[in-house]
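All remarks here apply to the structure that follows.
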Number of protein chains: 2
Amino acid sequence: MADGADNPMSPTRIHHINFVVNDLEEAMPRFERSLGVNPFEVIEHRPRGARVARTRIGQSWLVLVCPYDPVSVPGRHLAKHGEGFFLLSLGYDDIVKQLEKLESSGVQVTDREPRDGILDWRIADIGDVHGAFIQLTQEETPEGSDQ
Amino acid sequence: MADGADNPMSPTRIHHINFVVNDLEEAMPRFERSLGVNPFEVIEHRPRGARVARTRIGQSWLVLVCPYDPVSVPGRHLAKHGEGFFLLSLGYDDIVKQLEKLESSGVQVTDREPRDGILDWRIADIGDVHGAFIQLTQEETPEGSDQ
């Protein structure tokens with residue numbers, strides 16, 4: 001699965017996909033039943049003004065984001081667009097190098113430096129690409145481990 | 001990575017994520033540059049009234065859908081919502097069994113039987129789950145292979 005081996009800028013995996021929801025306690029069992037995913041783990045994510053729940057699917061995480069702060073980024077997204085897709089985050093071995101490469105090739109990014117996500121995730125937002133909000137993630141845990 | 005081993009209903013991976021776009025020739029290089037993904041492969045998908053392009057990210061595919069038929073499902077989605085997220089499709093070893101399990105546990109699904117997707121993909125739509133359109137995919141190529 002070294003698909004990206006020929007391109008040092010390639011992401012290694014879909015790291016996570018985020019959906020914004022109104023009610024975490026209602027959404028988690030609905031996703032678990034409809035998709036057959038394992039039980040979600042709930043995490044407080046104060047910097048984003050949201051409660052977050054994640055469950056693993058292969059190499060990736062499915063993440064539900066439930067804002068309690070209406071002026072947070074996910075809170076404003078929920079108010080404007082309603083429930084549904086929030087962002088796609090791709091996994092890279094080194095997001096600092098990745099940001100440098102993007103910048104040197106003229107790609108405009110929202111976050112020029114990584115910031116903290118949940119747990120040990122380091123993230124940086126690329127921004128809107130044809131209507132899809134895209135983010136980079138680097139996780140300290142080795143890729144593909146079962147954590 | 002047998003995360004789903006304890007739950008026979010678990011998806012094995014994010015199989016693909018679809019974004020709908022207005023112009024494939026404009027979107028492909030933009031996604032390639034901004035994300036560092038490998039070049040897209042273009043596929044005609046007549047049953048969906050769209051041209052489709054895919055590129056691999058780890059175990060998953062990133063798929064761009066560009067409708068040429070405005071009354072097709074993706075064409076109507078594009079007209080209503082604009083460019084962006086269209087659907088998330090999860091990979092299962094056996095989607096017929098998966099559909100039976102969902103039905104027996106009372107989950108309402110859009111497609112009660114699989115239909116043909118692009119290439120050797122067999123797909124079935126679950127439908128809208130908290131604002132996110134979710135689909136099941138079974139691919140004939142063994143999981144995790146480089147095809």
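The values are calculated or read from the model by the stated rules, or taken from the named source; none is laboratory data. Because the structure is predicted, anything quoted here is derived from the model rather than measured. Glycine also receives a Cβ, built like all others from the backbone with ideal geometry; neighbour counts cover every protein chain displayed. Side chains are part of the model used for accessible areas, which takes the heavy atoms of the whole protein and leaves out ligands, DNA and RNA. Shrake-Rupley method; radii C 1.70, N 1.55, O 1.52, S 1.80 Å.
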Counted residues, region A:25-47 - those being part of a helix (DSSP H, G or I) and open to solvent by less than 100 Å² (accessible area, probe 1.4 Å): 8
Does at least one position in region B:106-116 carry a residue that is within 14 Å of chain A (Cβ to nearest Cβ) and touching a Ser or Thr at 6+ places or on another chain (Cβ under 6 Å)? yes
Within region A:10-24, the residues that are open to solvent by 10 Å² or more (accessible area, probe 1.4 Å) and either of a type in the set (Phe, Trp, Tyr) or modelled with pLDDT under 95 (or both) are A:Ser10
Those residues of region B:96-120 which are part of a loop (DSSP other than H, G, I, E, B) and surrounded by 11 or more Cβ atoms within 10 Å (Cβ to Cβ), in sequence order: B:Ser105, B:Val107, B:Val109, B:Thr110, B:Asp111, B:Arg112, B:Pro114, B:Gly117, B:Ile118, B:Leu119, B:Asp120
Tally, over region B:13-52, of residues that are in contact with a strand residue (DSSP E or B) (Cβ under 8 Å, 6 or more places away or on another chain) and either more than 12 Å from chain A (Cβ to nearest Cβ) or acidic (Asp, Glu) (or both): 14
Those residues of region B:65-80 that are in a helix (DSSP H, G or I) and touching a residue at least 40 places away in the same chain (Cβ under 8 Å) come to a total of 3
How many residues of region B:53-71 are open to solvent by 10 Å² or more (accessible area, probe 1.4 Å) and either in contact with a strand residue (DSSP E or B) (Cβ under 7 Å, 6 or more places away or on another chain) or over 18 Å from B:Ser89 (Cα atoms) (or both)? The answer is 9
Flag if A:Phe86 is hydrophobic (A, V, I, L, M, F, W, C), touching a residue at least 24 places away in the same chain (Cβ under 8 Å) and either open to solvent by 30 Å² or more (accessible area, probe 1.4 Å) or not in a strand (DSSP E or B) (or both): no
Is it fair to say B:Tyr92 is open to solvent by 20 Å² or more (accessible area, probe 1.4 Å) and among the aromatic types (Phe, Trp, Tyr)? no
Is there any pair linking a residue in region A:100-114 that is more than 16 Å from A:Thr137 (Cβ to Cβ) to one that is surrounded by 15 or more Cβ atoms within 10 Å (Cβ to Cβ) and among the hydroxyl-bearing types (Ser, Thr, Tyr), with Cβ under 6 Å and at least six apart or on different chains, and which? A:Val107/B:Ser34
